[in-house]
């Protein structure tokens, strides 16, 4: 099958590309390289032992360039990752997030429709739930994003729901990620943040490497066992296998399906720091500071729907996440 991956050079996108090549799909990557590098293509090919990746450096908002790709390539499935993803930055610059995430997605869907490519897997987020009223969170929970990043994902979800209602030929899977961490076991690809990391595990790894003197923990007065925020951390390799399973779901022509991808287990920030030390022997210096705008207390999934309908479940644990993250970071430049 010919699969187009938008944002395929990014953290989750690159790991998904590896798994797609393992399954012998033909791979086309689109990425503007705003938060990634072209050398990732070489690493994807090295891990998979395949050199058949087609790469286009374009911005999704460029309709003419996107149209040319769809004209040239016999695309059958699109996996849509491309987008900005930092909660804090989205609060500071919402216009940037709505334009980049929502407008570019509309352009993509329009071109897909014109070229009759109507199989789509969309990379959404647990942020669409906002502050959960019940835990664990099920897919039918109330949707009430509390920051522009989450709102951009929710807007795209609503657009896809309307597309599905308007045309029965569209087959769409929406995957709501919880907190992806970890790296490929080869150590060749992982979450390589530029500047100060927005996510917890890259920050911990950069403190462990001596790049930063300490980790700032945003708040210790949440209603959680140790006062720090609780999240459902999932190994990135487990996460991307959910996308492979979702391709099979598209072929069942169910029109629209929505799944949580998480472990169903909540870990606090201090849990992560403790486990990282246990796995690496490195003590992480940290300082408690004020809460971050847009953050919530606890968030973890009920992943049972994905288990029953996709035959998918997370298999790696927190120790694997810490070990693989550090294996990537300790050797990266």
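Here the extension length gained between residue 226 and residue 55 equals 57.0 nm, from 0.36 nm per residue of separation less the Cα-Cα distance. Panel order for 77, 91, by other beta carbons found within 10 Å of each beta carbon, from fewest to most: 91, 77.
Of 237, 18, 269, the residue with the greatest mean-square motion in the GNM of the chain, using alpha carbon springs below 10 Å, is 269. Which FRET efficiency, nearest 0.05, do residue 331 and residue 291 yield, Cβ-Cβ r, R0 41 Å? Plugging the Cβ-Cβ distance into 1/(1 + (r/R0)^6) gives 0.75.
Each residue in 111, 282 was given a count of other beta-carbon atoms within 10 angstrom of its own, and listing them fewest first yields 282, 111. When the Gaussian network model of the chain links Cα atoms closer than 10 Å, the mean-square fluctuations of 13, 229, 219 top out at 219. When only Cα pairs under 8 Å and 6 or more residues apart are kept, what is the percent relative contact order across segment 1-102? Averaging sequence separation for qualifying contacts and normalising by length gives 33 percent for segment 1-102. The relative contact order of the chain comes to 19 percent, based on Cα pairs under 8 Å that sit 6 or more residues apart. Using a cut-off of under 17 Å, list every residue of segment 142-164 whose amide N is near the label point 7 Å from the Cα of residue 256 along the Cα-to-beta-carbon line. It comes to 142-145, 152-164, nothing else. Among 139, 191, 287, the residue with the largest mean-square fluctuation in a Gaussian network model of the chain, with springs joining Cα atoms closer than 10 Å, is 287.
Taking a ≥ b ≥ c as the square roots of the eigenvalues of the alpha-carbon gyration tensor, segment 184-263 is classed oblate because a/c is 1.5 or more while a/b is no larger than b/c. Here the chain carries DSSP beta bridges of which approximately 5% are antiparallel, counting only pairs with both residues inside.
Based on DSSP H segments of at least four residues, each scored -39500 (n - 2.57), the chain has a per-residue ellipticity at 222 nm of -11500 deg cm²/dmol. Oblate is the label for segment 88-142. Its Cα gyration tensor axes, ordered a ≥ b ≥ c, give a/c of at least 1.5 and b/c at or above a/b. In whole angstrom, note down how far apart the Cα centers of segment 23-77 and segment 191-244 are. Measuring centre to centre over Cα atoms gives 28 Å.
Judged by the gyration tensor of its Cα atoms, with axes a ≥ b ≥ c, segment 1-123 is oblate; a/c meets the 1.5 cut and b/c is at least as large as a/b. Taken as Cα centroids, segment 299-317 and segment 107-123 sit 26 Å apart, rounded to the nearest whole angstrom. Taking other Cβ atoms within 10 Å as a rough exposure proxy, 278, 19 sort from fewest to most as 278, 19.
Over segment 76-212, Cα pairs under 8 Å with separation of 6+ residues give a relative contact order of 26 percent. The label-point distance for residue 304 and residue 110, in a model that sets each label 7 Å from Cα toward Cβ, rounds to 4.3 nm.
Values in this text are rule-based calculations from the coordinates and carry no lab data. Source: prediction; values computed, not measured. Cβ coordinates were reconstructed from backbone atoms using ideal geometry, including for glycine residues, and neighbour counts include every protein chain displayed.
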